[in-house]
Number of protein chains: 2
Amino acid sequence: MAKKITSRRDDYSQWYNDIVQRADLAENSGVRGCMVIKPYGYAIWEKMQAELDRMFKQTGHLNAYFPLFIPKSYLSKEAAHVEGFAKECAVVTHYRLKNGDNGDVIVDPDAKLEEELIVRPTSETIIWDTYRKWIQSYRDLPLLINQWANVVRWEMRTRLFLRTAEFLWQGGDTAHASKKEAIEETEKMIDVYADFSENFMAMPVIKGLKTENERFAGAEETYCIEALMQDGKSLQAGTSHFLAQNFSKAFDVKYTTKEGKQDYVWATSWGVSTRLMGALIMTHSDDLGLVLPPKLAPFQIVIIPIYKSDDQLKKINSVAFDVKQKLESKGISVNYDARNTHKPGWKFAEYELKGVPLRLALGNRDIENGTIEIARRDTLEKQIVKIENIENEVLNLLEDIQNNLYKKALLFREENTFIANTKDDFIKHIDRGGFVYAHWDGTAKTEELIKQKTKATIRCIPLSDQEKTAGNCLFTGMPSKQRVLFAKAY
Amino acid sequence: MAKKITSRRDDYSQWYNDIVQRADLAENSGVRGCMVIKPYGYAIWEKMQAELDRMFKQTGHLNAYFPLFIPKSYLSKEAAHVEGFAKECAVVTHYRLKNGDNGDVIVDPDAKLEEELIVRPTSETIIWDTYRKWIQSYRDLPLLINQWANVVRWEMRTRLFLRTAEFLWQGGDTAHASKKEAIEETEKMIDVYADFSENFMAMPVIKGLKTENERFAGAEETYCIEALMQDGKSLQAGTSHFLAQNFSKAFDVKYTTKEGKQDYVWATSWGVSTRLMGALIMTHSDDLGLVLPPKLAPFQIVIIPIYKSDDQLKKINSVAFDVKQKLESKGISVNYDARNTHKPGWKFAEYELKGVPLRLALGNRDIENGTIEIARRDTLEKQIVKIENIENEVLNLLEDIQNNLYKKALLFREENTFIANTKDDFIKHIDRGGFVYAHWDGTAKTEELIKQKTKATIRCIPLSDQEKTAGNCLFTGMPSKQRVLFAKAY
């Protein structure tokens, strides 16, 4: 049997890397900071995409596609945007190679671009350059567009899924006739992300606003969802930005109102990325490997035959195919692994590592008794059930696993969430890891001071009503309207 | 009402551009040669993707994702490949921008990459560099992977969908233990493409082999499908390559056979792109606009209310919603356009332009009579039907439209396919446009000569048995094993 993965306690970071690699999710490529997403990892991402896409369409959005390249001059148009973004990115300067003298390939110096192109780190600028042509009248609004694409940010320190130079994402970019409507859209989409996180990823999140420091470059307000990972660090799982009229003014996107006046449109943008894969892994997995919520598992069930002779296998095959068909007719995805190249024990370990929610084992005695063994990946519990009830048993178990994973993650978060009422308390809790609610005076200066002292950042100013009590900043004693959420973060 | 589009007879090229723009399919962007795919165009591409993806998965393929960037040195590894590809492509040389002195943004000269990165023109090299790690034993084979991605080829003369610097595509890359199995895969996938073209796009295709001249860079054999457009030019709609051991040798991908020996694996690659959008448009559309086969239409039905008062509209709404629901319950996609910002006449023209297969109109008299007017986009025929039979009427009509479009396209191809038995005949038919079957001596020299003289290229050496009669080359008189397919091409 293959060697075990590193335990969380021994080395959390290595545990994560072990799971990503050993569960065949992704690997580093020959290109610095760029990952290869392997078929099993990509299948999970496809499930995420499908659900999110359905939710976007249900809320009235249409997909479109905008160019990979952004002319350099576009980035300068929105001042705050270029400040926040234009630093580390891939720059295309030439458009031709030619054969060198030594049988190698060289860049053709004669093929230099007049204006350099940036590989999109995000698409707002090219999209708003396009919207100028699409929007004339209030009749063209709202414009509700989403894009699925790859983006590149030249990160120096990369980690698979969590921070890579190239990643996959979706970006929504919408245009509205009024400020009110744009803010409603911003809030609607952070709600969609929270809904997806909680009901599909089984990952509880805190919804809130970013402080000015942490806001998206060019946004007037950034809404976010934050999730607590098992090492006590926070992971930003999605953001939704109210862009006000910043981009419409920078790209001169005006519309004729119902009353016949000219006005700039109001904008939002919102996105999630393959980073969610990292969040999913770190929320549920354990020292045996990946644990997947049934709603996002590439296959929810694996059936493994246990046999000593071809004759036994033949009988098992027939029952297994029947079980598979029954389950599939209920919309359950099933992998029957009857490969004779690997032993049952190897398969058990393999699917445990890959986080398949339910493992069904079928042996000779099961065939005689009309039974099957079911093992849950989340609790590792096993039970023997009658095959005649298999659909209901499995449906109930899958639902139970989905709910249990959420509850477990929520319990973990609750056990690792603290309210700090003194500076010492604050430092102690931040050191131990977890979410810490504390009063803050609302200034960027104090925020920076706390970050330098403790490595904690303000993850968000929570939207939830229960946080809205006034007090005094733990570091400066100045008045604070409400506690905000601190944590160390990915 | 908006102005009519250019007719095919007046200016075929402008007709195409008019449809792409006026039907909201795509437009040029501010980035040279890169297009914006608009929501309606993207929705058609999504339908294509969904069907192809289903077919790939049904034939055992899994999706994965490989880096956007290819290190320059990778391209040199497969000699024929670099010859064919490495010329016109986007080259990333720097990884950082900085603020210039005039509030502008400049490329940071200190952030030069040690090795330039090429934006993938195709992914074989990076994929085979990865496969070396994935393939050790015959147990790892076959490896059947597909990738959906964007690719960039720095084309000088671009046309929306047909030839753009950036385009969307899928590339399959498979590895096999034997030559026989790899050839079978190559053939299987060209069959999948032909099946998709004919049964979803309603576009008849000729399957064949490319001559050595037209083969993919690095392939030992290239299979293709060719479709005839309405201007008499051929469009290559998909290719499938048998790569032999060229890439496995270049990237040192060996496996241990069942017998314990080391051998290089056998490879295939195959792809289609957003170019299929151009093929779809040019196969079916007419002088009124786009015509879509029902299987790929973003919505198959539009319902338009015709009313004089709010009271009438209210009654129509209620019947329309009922009809919509009935149709949707049969899996038919429906858009009920009750916007009061546009008149029915405008809507009729708009949906005609957008190629919606069936238009249903509901007026006051229809409500009284329990009827609805149905208009077909392909034949422009109208009929009044009873609402009580609407599901069956519509299902039959959609099927009929799908079949009719294929038959019409096939008839067009047959009427524009010629067998040339003399050189003069050949030149005359090529000048007029269409497919021309003719004998050819099998040499690249003659192929080049014919191309220079007539602008026709050998589209393929057809696989169909009925073409396998021997004869003599029309240009050199040398013996020829079979007629090959000539045409001017996109």
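The values are calculated or read from the model by the stated rules, or taken from the named source; none is laboratory data. Owing to the predicted nature of the structure, the values given are computational and were not obtained by experimental measurement. When we count neighbours, we look across all protein chains shown, and the Cβ atoms used for this are built from the backbone with ideal geometry, even at glycine.
Data table
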item	result
Residue check for B:ARG413: in contact with a Leu (Cβ under 9 Å, 6 or more places away or on another chain) and touching a residue at least 60 places away in the same chain (Cβ under 8 Å)	yes
Selection count where residues are facing chain A (nearest Cβ under 8 Å) and farther than 26 Å from B:THR174 by Cβ, scope the range B:112-121	1
Qualifying residue in the range A:122-138 (condition: farther than 25 Å from A:ALA182 by Cα, at the interface with chain B (Cβ under 9 Å from one of its Cβ atoms) and touching a Ser or Thr at 6+ places or on another chain (Cβ under 7 Å))	no
Selected residue (only one of A:LYS77, A:LYS112, A:LYS47 is of a type in the set (D, E, K, R) and out of contact with any helix residue (DSSP H, G or I) (no Cβ under 6 Å at 6 or more places or on another chain))	A:LYS112
Residue check, B:LYS488 closer than 22 Å to B:SER197 by Cβ, surrounded by 13 or more Cβ atoms within 10 Å (Cβ to Cβ) and within 30 Å of the chain's Cα centre (by Cα)	yes
Residue in the range B:4-27 that is hydrophobic (A, V, I, L, M, F, W, C), surrounded by fewer than 17 Cβ atoms within 10 Å (Cβ to Cβ) and more than 8 Å from chain A (Cβ to nearest Cβ) present	no
Lone qualifier among B:LYS98, B:LYS112, B:LYS133 - being surrounded by fewer than 19 Cβ atoms within 10 Å (Cβ to Cβ), at pLDDT 95 or above and within 15 Å of A:VAL91 (Cβ to Cβ)	B:LYS112
Residues satisfying the stated conditions in the range A:410-429, i.e. within 26 Å of A:MET201 (Cα to Cα) and either exposed (fewer than 13 other Cβ atoms within 10 Å of the Cβ) or over 23 Å from the mean Cα position of the chain (by Cα) (or both)	A:LEU411, A:GLU414, A:GLU415, A:PHE418
Leading residue by the ranking (farthest from the other protein chains (Cβ to nearest Cβ)) among those in the range B:322-375 that are surrounded by fewer than 19 Cβ atoms within 10 Å (Cβ to Cβ) and at positive phi	B:GLY370
Close pairs from the range A:120-134: first among the polar types (S, T, N, Q), partner at pLDDT 95 or above, Cβ under 6 Å, at least 6 apart	A:SER123/A:PHE66; A:SER123/A:GLY171; A:THR125/A:ILE70; A:THR130/B:VAL36
Count of the range A:52-83 residues which are more than 7 Å from chain B (Cβ to nearest Cβ) and within 29 Å of A:ILE281 (Cα to Cα)	9
Members of the range B:84-95 that are surrounded by fewer than 18 Cβ atoms within 10 Å (Cβ to Cβ) and more than 8 Å from chain A (Cβ to nearest Cβ)	B:GLY84
Residue, farthest from B:GLN14 (Cα to Cα), within the range B:161-171, restricted to residues that are touching an Asp or Glu at 6+ places or on another chain (Cβ under 9 Å) and crowded, with 23+ Cβ neighbours inside 10 Å	B:ALA165
Failed condition for B:THR283, given (1) in a loop (DSSP other than H, G, I, E, B); (2) crowded, with 24+ Cβ neighbours inside 10 Å	(1)
Residue check, A:ILE206 among the aliphatic types (A, V, I, L, M), assigned by TED's automatic domain parsing to the domain that holds A:ALA267, over 26 Å from A:LYS47 (Cβ atoms) and in contact with a strand residue (DSSP E or B) (Cβ under 6 Å, 6 or more places away or on another chain)	no
Output for the range A:45-74, where each listed residue is of a type in the set (A, V, I, L, M), crowded, with 23+ Cβ neighbours inside 10 Å and not in a loop (DSSP other than H, G, I, E, B)	A:ILE70
Looking only at the range B:37-51, and only at residues there that are within 11 Å of B:ALA26 (Cα to Cα) and touching a residue at least 60 places away in the same chain (Cβ under 8 Å), the one that is nearest to the other protein chains (Cβ to nearest Cβ)	B:ILE37
Odd one out for B:ALA80 among (1) modelled with pLDDT under 95; (2) assigned by TED's automatic domain parsing to the domain that holds B:GLY171; (3) closer than 24 Å to A:LYS112 by Cα	(3)
Lone unmet requirement of (1) at pLDDT 95 or above; (2) buried (at least 20 other Cβ atoms within 10 Å of the Cβ) for A:ALA219	(1)
Total residues in the range B:330-342, condition of a type outside the set (A, V, I, L, M, F, W, C), modelled with pLDDT of 95 or more, within 20 Å of B:VAL319 (Cβ to Cβ) and not in a strand (DSSP E or B)	3
Of the criteria (1) facing chain B (nearest Cβ under 9 Å); (2) in a strand (DSSP E or B), which one A:GLY171 fails	(1)
Residue in the range B:219-240 that is in contact with a helix residue (DSSP H, G or I) (Cβ under 9 Å, 6 or more places away or on another chain), under 13 Å from B:THR174 (Cα atoms) and not in a loop (DSSP other than H, G, I, E, B) present	yes
The range A:376-403, residues that are outside any helix (DSSP H, G or I) and either in contact with a Leu (Cβ under 7 Å, 6 or more places away or on another chain) or surrounded by 19 or more Cβ atoms within 10 Å (Cβ to Cβ) (or both)	A:ARG376, A:ARG377, A:ASP378
